[in-house]
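These notes concern the structure reproduced below.
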Ligand SMILES: *Cc1c(COP(=O)(O)O)cnc(C)c1O
C-alpha cells in the first residue's frame, strides 16, 4: 500500500460548512497481517524482546481485545511463543471460543484465564513473577500494549503523515492513552492533537498521557486536548445512534470503523467540527487505528447490530 493512498479525504457537509479539510489516515491498511495501532505499539517492544533473547511473549487482555489479537498474530509472523492471560472464566468444555480468542489460538497463542481478583493484580511485580514461574521466561507486555516502548512506534506515524500532508491537527481514539502519548512525542510540541476517550470518566487519562510523555520525551506537552464526552456510556458501550453513524459512515466513505474506538472518534471529530472547535482553513487528520476484528465478537454478543 503506497503511503499516498493511506490518506482519504472525508467529504462531509459539516466540514465544508466550517472550512475544515478533514482527512482519514488509514493505519488499518498499513499492514493487513498486523493492522492498526496495536502493531505500532508492539514494534519496539518486539525488538527489545529479541534483543533480550526472549522467545516468548506473555500478555494480558479482555476476551475481545485488539491487543491480544495483535500479539497472537505477531507471534505467528515473527516466531515468538505467545501466552495470553485472559480476563474471565475459561470457556466450558464444548463451548466455542469467541472469534477473537479462536483466531488467537489459531495463531498459536496459549490461552489461560484469570478470574477478577487475579486479573486485577496484572500490573503487580509479584504477580508477574508468579506467572513467569508458571510459564517460564517471557517478555511481558502490559494490557493494551502500553508502556514506554509503545510510544516510539506511534511517534513514527507523525512523520509518515507529515510526508503526505501538512496538517494542523491529528485526532485519535484513546483507550490507555499510549497511542496519543506517542503522537505527542512525534509532534514534539508542534501543531495540535485531539484524543477522544473511548471510556467513561476519562479525565484520569490526561495524567497517564503526561506521565508517559514525561518518561519517554522528558516532558509533558500541552498541545493537545482530551475529549471525554463521546464514550457512549463507557468502554465497549454503544447506542443506536453510534451504530447508525458507523453504518452511514461506511455508506458515505466505504470505510468500516470499529465500534469500540474509531466509531466514537469520528463521531466526536465531526461533532467538534460542527461546534467550531477547529479553525476555519485548518487541515485535520483523523487516524483509523484499526480494530475491525472486534465486529465478529460484537455480532456474537449483541446480534447483528450493524
Ligand atoms: C487500543 C486501541 C486504541 C487506543 O489505543 P491506546 O494506546 O490504548 O490509547 C484505539 N483504537 C483502536 C482500534 C485500538 O485497538
Just to be sure, is residue 22 in contact (Cβ under 8 Å) with a residue 12 or more places away in the chain and either under 17 Å from residue 146 (Cα atoms) or within 16 Å of the ligand (Cβ to nearest atom) (or both)?
no
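Every residue, every condition in (1) more than 13 Å from the ligand (Cβ to nearest atom); (2) modelled with pLDDT of 95 or more, yes or no:
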position	(1), (2)
243	yes, yes
250	yes, yes
262	no, yes
291	no, yes
306	yes, no
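This table checks each residue for (1) part of a loop (DSSP other than H, G, I, E, B); (2) surrounded by fewer than 16 Cβ atoms within 10 Å (Cβ to Cβ).
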{"site": "200", "(1), (2)": "yes, yes"}
{"site": "204", "(1), (2)": "no, yes"}
{"site": "212", "(1), (2)": "no, no"}
{"site": "216", "(1), (2)": "no, no"}
{"site": "230", "(1), (2)": "yes, no"}
{"site": "237", "(1), (2)": "yes, yes"}
Counted residues in the stretch 206-230 being touching a strand residue (DSSP E or B) at 6+ places or on another chain (Cβ under 6 Å) and within 14 Å of the ligand (Cβ to nearest atom) come to 6
Might you let me know whether the stretch 127-135 holds any residue that is more than 19 Å from the chain's Cα centre (by Cα) and not assigned by TED's automatic domain parsing to the domain that holds residue 62?
no
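To keep it simple, each residue is scored yes or no on (1) outside any strand (DSSP E or B); (2) within 16 Å of the ligand (Cβ to nearest atom); (3) under 21 Å from the mean Cα position of the chain (by Cα); (4) closer than 22 Å to residue 148 by Cα.
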position: 58; (1), (2), (3), (4): no, no, yes, yes
position: 63; (1), (2), (3), (4): yes, yes, yes, no
position: 77; (1), (2), (3), (4): yes, no, yes, no
position: 90; (1), (2), (3), (4): yes, no, no, no
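Against the condition more than 13 Å from the ligand (Cβ to nearest atom), outside any loop (DSSP other than H, G, I, E, B) and either surrounded by fewer than 14 Cβ atoms within 10 Å (Cβ to Cβ) or at positive phi (or both), how does residue 134 come out, does it pass? Talk me through it step by step, then tell me what you get.
Numbers: more than 13 Å from the ligand (Cβ to nearest atom): yes; outside any loop (DSSP other than H, G, I, E, B): yes; either surrounded by fewer than 14 Cβ atoms within 10 Å (Cβ to Cβ) or at positive phi (or both): yes.
Taking the combined requirement at face value, the residue satisfies it.
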Of (1) part of a loop (DSSP other than H, G, I, E, B); (2) under 16 Å from residue 287 (Cα atoms), residue 25 satisfies all except one. Which?
(1)
Here is a list: 195, 177, 186. Which entry is in contact with a helix residue (DSSP H, G or I) (Cβ under 9 Å, 6 or more places away or on another chain), in the same structural domain as residue 287 (by TED's automatic domain parsing), within 19 Å of residue 45 (Cβ to Cβ) and within 11 Å of the ligand (Cβ to nearest atom)?
177
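What about residue 146, is it out of contact with any strand residue (DSSP E or B) (no Cβ under 9 Å at 6 or more places or on another chain), closer than 22 Å to residue 110 by Cα and within 12 Å of the ligand (Cβ to nearest atom)? Show your work before the answer.
Values: out of contact with any strand residue (DSSP E or B) (no Cβ under 9 Å at 6 or more places or on another chain): yes; closer than 22 Å to residue 110 by Cα: yes; within 12 Å of the ligand (Cβ to nearest atom): yes.
So residue 146 passes the test.
How many of the residues in the stretch 286-306 are at negative phi and over 16 Å from the mean Cα position of the chain (by Cα)?
In the first step, residues of the stretch 286-306 are kept if they are at negative phi; the result is 286-289, 292-302, 304-306.
With the extra rule that they be over 16 Å from the mean Cα position of the chain (by Cα), the set shrinks to 296-302, 304-306.
Within the stretch 286-306, residues that are at negative phi and over 16 Å from the mean Cα position of the chain (by Cα) number 10.
Scan the stretch 30-45 for residues that are more than 11 Å from the ligand (Cβ to nearest atom) and out of contact with any strand residue (DSSP E or B) (no Cβ under 8 Å at 6 or more places or on another chain) and jot them down.
Let us first name the residues in the stretch 30-45 that are more than 11 Å from the ligand (Cβ to nearest atom), namely 30-34, 42-45.
Residues satisfying the conditions are 30, 31, 32, 33, 34, 43, 44.
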Within the stretch 245-262, residues more than 24 Å from residue 234 (Cα to Cα) and either surrounded by fewer than 15 Cβ atoms within 10 Å (Cβ to Cβ) or touching a helix residue (DSSP H, G or I) at 6+ places or on another chain (Cβ under 7 Å) (or both) come out as 251, 252, 254
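The values are calculated or read from the model by the stated rules, or taken from the named source; none is laboratory data. Source: prediction; values computed, not measured. Reconstructed Cβ throughout: ideal geometry from the backbone, glycine too, with neighbour counts over all protein chains shown.
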